Amino acid sequence: MAWRDVMCGDLRAHDAGRSVTVAGWADTRRDHGGLVFVDLRDHTGKVQLVINPEHSASAAETAHEIRNEFVLQATGEVVARAPELVNPNLPTGQIEVQVDELRVLSRSTPLPFQLDEENVDETIRLRYRWLDMRTERMQRNLRLNHTAISAIRNVMDERGFVDVWTPSMTRGTPEGARDFLTPVRLQPGKFYALAQSPQLFKQLCIVGGIDRYYQIATCWRDEDLRADRQFEFRQLDLEMAFVEREDVLDVMEASVVGAFEAAGVELPERPFPHLTYADAMLRYGSDKPDLRFGLEIQEATEVTRGSEFGVFKNAPCVRYVVVPRTFSRSEQARLEELAKEWGAKGLANLTQVSKFLSERELEAFGVEEGSTALFVADEEAVVARVLGLLRLHLAHELELIDASLDVFHWVTDFPLFEHSEEYGGWTFMHHPFTAAVPGEEERIEADPEHVRGQHYDLIWNGWELGSGSIRIHQVEVQQAVFRVMGMGEEEQRDKFGFLLDALQMGAPPHGGFAMGIDRFIALLAREPDIRQVTAFPKIASGADPLTGAPTPYPDSALQELGIRLLDPQPE
Ligand code: ASP
């Protein structure tokens, strides 16, 4: 006999009279002395079982021992409920199963939490993830994950992409994070890095004639865990030969729209708008601005250059946001405190400083009655950062964000390099393989600060979904970039000799992209963080509450790997 011949949630009024076998978990049991009602659940929904001792004495006996989350199999007839017993809230609410035979297939100990309990501590949810996974929320999210990825794979198939598997254990890959290291028993003292991305492998696939590569690739990055970040995550990783930026963006947009379509969510409008990096920083103070609301940052530096107001006059950059309301003294003080926490010296309210300003300035800032202009005067980077954070803070506090909106956009034309506080020299903004904007390659070494890269980011409601770029395909240009980063010939050969060789053996022009699948699914599922769409995530400390990983290893195992710990192992 089959374990089940119909799913619990599929039964409807027209099934009345049918004999069925259902199997699943006991969601609830109501024991009325004689009659016992059990809601039996599988991922499609719940159906009510009625166990009547007059109908089946043995089923009734079994029913009394049932507890929540026992796994049951029930055979019986689907019967229509009396009109007054119909449950309009349940898709199966018009019928129930009159049980002839009932088997307990598996029992459950008392549960650490009930499946319908709200606000269960997340560590407990993760410790008992198999229970948590039975909730409607997790079932929906994990299945949505699958649906979206299938849709993306279809888009890739239709467009002729080839799925190529690349190694996880490799050399360090420069994506800006720390590497996870894997010791190698056969070569003690040497380590693989776990790939931060398949970046160089995918470029080599292109050189190898795979003109459209893709992979749902797992990546490892040793960074602090956050709402949108786990140590390991998956990317839709792709690379294309003989393309321009727009070709790559088109494929990515088609993938996003394909996933939306499969998920049954209203489609975002295409093409997604573009914003240059310079514009994003100026108008929104962020390279991943949330465009679901206004509060655009305004430039005031020109107007305030000759200001009588010392704070404005002496600052290299002055900008402001206009907020459509007024603030009390204490509210203003709180905002100022926040601005200071974010690194500003202060936050000037136009009303408070207007007596120091000229007619020309006041006219330029023309603020309507009932609105407030808030100014920051400082170095440009500080002004952008503080006003960007203020903009977000106010949007949340004043509830200016329409949560039903899905706003996608591209940020383009990033600088190729940024100044590294850590090294005191130039480092890459994206990764060192990104090409300069055509015509700017010649200035890579002469004027690195002002060279723009062909790098683009995809943003959804203020979350960075991923990055990509047109790549360098000429070895001389690649070496110039390495030199700007302070890498001599020897280091270049040592770390990237294989890439330099490949670029000298017929490398076509190419470009690509990688999108964080987990971030994408979390947003698609309207979840606040990626743990809710990941089957077995880790918590902020990096621990896995389920398996207890990471764990110490005995000295003998470490010795085999050529490793001796500095401090004694923790108990
Ligand atoms: N490898 C890059 C990343 O992981 C994406 C890309 O440039 O394709 O962010």
Inspect the stretch 488-507 for any residue being among the charged types (D, E, K, R), away from the ligand (no atom under 16 Å from the Cβ) and either touching a Pro at 6+ places or on another chain (Cβ under 9 Å) or not in a helix (DSSP H, G or I) (or both) and give the result as yes or no. yes
Of the candidates 312, 375, 356, the one satisfying the condition of being over 24 Å from residue 414 (Cα atoms) and either modelled with pLDDT of 95 or more or under 32 Å from the mean Cα position of the chain (by Cα) (or both) is 375
Margin query: Being within 16 Å of the ligand (Cβ to nearest atom), over 23 Å from residue 237 (Cα atoms) and part of a helix (DSSP H, G or I) is the requirement here; does residue 481 meet it?
Written below: yes
inquiry  = Just to be sure before I move on: is residue 25 closer than 28 Å to residue 133 by Cβ, touching a strand residue (DSSP E or B) at 6+ places or on another chain (Cβ under 8 Å), among the aromatic types (Phe, Trp, Tyr) and buried (at least 16 other Cβ atoms within 10 Å of the Cβ) in the structure I sent?
reply    = yes
Item checked: Any hit, the stretch 434-448, residues being within 15 Å of the ligand (Cβ to nearest atom), touching a helix residue (DSSP H, G or I) at 6+ places or on another chain (Cβ under 9 Å) and under 26 Å from residue 256 (Cβ atoms) -> yes
Has the stretch 118-137 got any residue that is in contact with a helix residue (DSSP H, G or I) (Cβ under 6 Å, 6 or more places away or on another chain) and more than 27 Å from residue 534 (Cα to Cα)? no
Q. Can you find even one residue in the stretch 538-561 that is under 24 Å from residue 181 (Cβ atoms), surrounded by 22 or more Cβ atoms within 10 Å (Cβ to Cβ) and out of contact with any Phe, Trp or Tyr (no Cβ under 6 Å at 6 or more places or on another chain)?
A. no
Considering the stretch 172-218, residues that are surrounded by 14 or more Cβ atoms within 10 Å (Cβ to Cβ) and charged (D, E, K, R), and then whichever is nearest to residue 506 (Cα to Cα), we arrive at 211
In the stretch 218-263, anything within 16 Å of the ligand (Cβ to nearest atom) and touching a Ser or Thr at 6+ places or on another chain (Cβ under 8 Å) is listed as 218, 219, 220, 230, 232, 233, 234, 235, 236, 237, 245
Result of the Cβ filter at 8 Å on the stretch 190-211, keeping first residues that are among the charged types (D, E, K, R) and partners that are away from the ligand (no atom under 13 Å from the Cβ) and in a loop (DSSP other than H, G, I, E, B), at least 6 apart or interchain, is 190/184; 202/164; 211/242; 211/508
Log entry, pairs with first residue in the stretch 35-51 being among the hydroxyl-bearing types (Ser, Thr, Tyr), second being modelled with pLDDT of 95 or more, beta carbons closer than 7 Å, six or more apart or on different chains, reads 44/7; 44/8; 44/9; 44/10
Residue set 535, 540; condition outside any strand (DSSP E or B), touching a helix residue (DSSP H, G or I) at 6+ places or on another chain (Cβ under 7 Å) and of a type outside the set (Phe, Trp, Tyr); output residue 535
Of the conditions (1) of a type outside the set (A, V, I, L, M); (2) away from the ligand (no atom under 16 Å from the Cβ); (3) in contact with a helix residue (DSSP H, G or I) (Cβ under 9 Å, 6 or more places away or on another chain), the single one that residue 269 does not satisfy is (3)
Scanning the stretch 450-464 for residues that are under 18 Å from residue 481 (Cα atoms) and assigned to a loop (DSSP other than H, G, I, E, B), the one farthest from the chain's Cα centre (by Cα) turns out to be 451
Restricted to the stretch 195-217 and to residues being among the hydrophobic types (A, V, I, L, M, F, W, C) and more than 11 Å from the ligand (Cβ to nearest atom), the residue farthest from residue 518 (Cα to Cα) is 207
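Residues checked against (1) part of a strand (DSSP E or B); (2) in contact (Cβ under 8 Å) with a residue 60 or more places away in the chain; (3) of a type outside the set (Lys, Arg):
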residue: 391; (1), (2), (3): no, yes, no
residue: 399; (1), (2), (3): no, no, yes
residue: 410; (1), (2), (3): yes, yes, yes
residue: 422; (1), (2), (3): no, no, yes
residue: 439; (1), (2), (3): no, no, yes
residue: 442; (1), (2), (3): no, no, yes
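For every residue, the table says whether it meets (1) out of contact with any Phe, Trp or Tyr (no Cβ under 6 Å at 6 or more places or on another chain); (2) without any contact (Cβ under 8 Å) to a residue 12 or more places away in the chain; (3) closer than 27 Å to residue 417 by Cβ.
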| site | (1), (2), (3) |
| --- | --- |
| 233 | yes, no, yes |
| 246 | yes, yes, yes |
| 267 | no, yes, no |
| 273 | yes, no, yes |
| 313 | yes, yes, no |
Expected single match for farther than 19 Å from residue 131 by Cα and in contact with a Pro (Cβ under 6 Å, 6 or more places away or on another chain) among 60, 13 is 60
### Query
Does the stretch 488-510 include one or more residues that are without any contact (Cβ under 8 Å) to a residue 40 or more places away in the chain, of a type in the set (Gly, Ala, Ser) and more than 17 Å from residue 434 (Cβ to Cβ)?
yes
Inset, instruction - Scan the stretch 238-252 and give yes if some residue there is under 17 Å from the mean Cα position of the chain (by Cα), over 28 Å from residue 474 (Cα atoms) and not polar (S, T, N, Q), otherwise no. - result: no
Residue hits (the stretch 233-250; aromatic (Phe, Trp, Tyr) and buried (at least 19 other Cβ atoms within 10 Å of the Cβ)) are 233
Within the stretch 136-171, residues within 16 Å of the ligand (Cβ to nearest atom) and surrounded by 17 or more Cβ atoms within 10 Å (Cβ to Cβ) come out as 152, 156, 161, 164, 166, 168, 170
Within the stretch 453-476, of all residues that are surrounded by 16 or more Cβ atoms within 10 Å (Cβ to Cβ) and farther than 20 Å from residue 175 by Cβ, the one nearest to the ligand (Cβ to nearest atom) is 460
The residue from 532, 479 that alone is polar (S, T, N, Q) and under 22 Å from residue 442 (Cα atoms) is 479
Looking across the stretch 30-49 at residues that are surrounded by fewer than 19 Cβ atoms within 10 Å (Cβ to Cβ) and more than 23 Å from residue 141 (Cβ to Cβ), the single one that is modelled with the lowest pLDDT is 33
* Asked: Just to be sure, is residue 286 more than 15 Å from the ligand (Cβ to nearest atom), modelled with pLDDT of 95 or more and not aliphatic (A, V, I, L, M)?
  -> yes
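The values are calculated or read from the model by the stated rules, or taken from the named source; none is laboratory data. Remember, it's a predicted structure, so these values are computed and weren't measured experimentally. Heads up, the Cβs are rebuilt from the backbone with ideal geometry, glycines too, and the neighbour counts pull from every protein chain shown.
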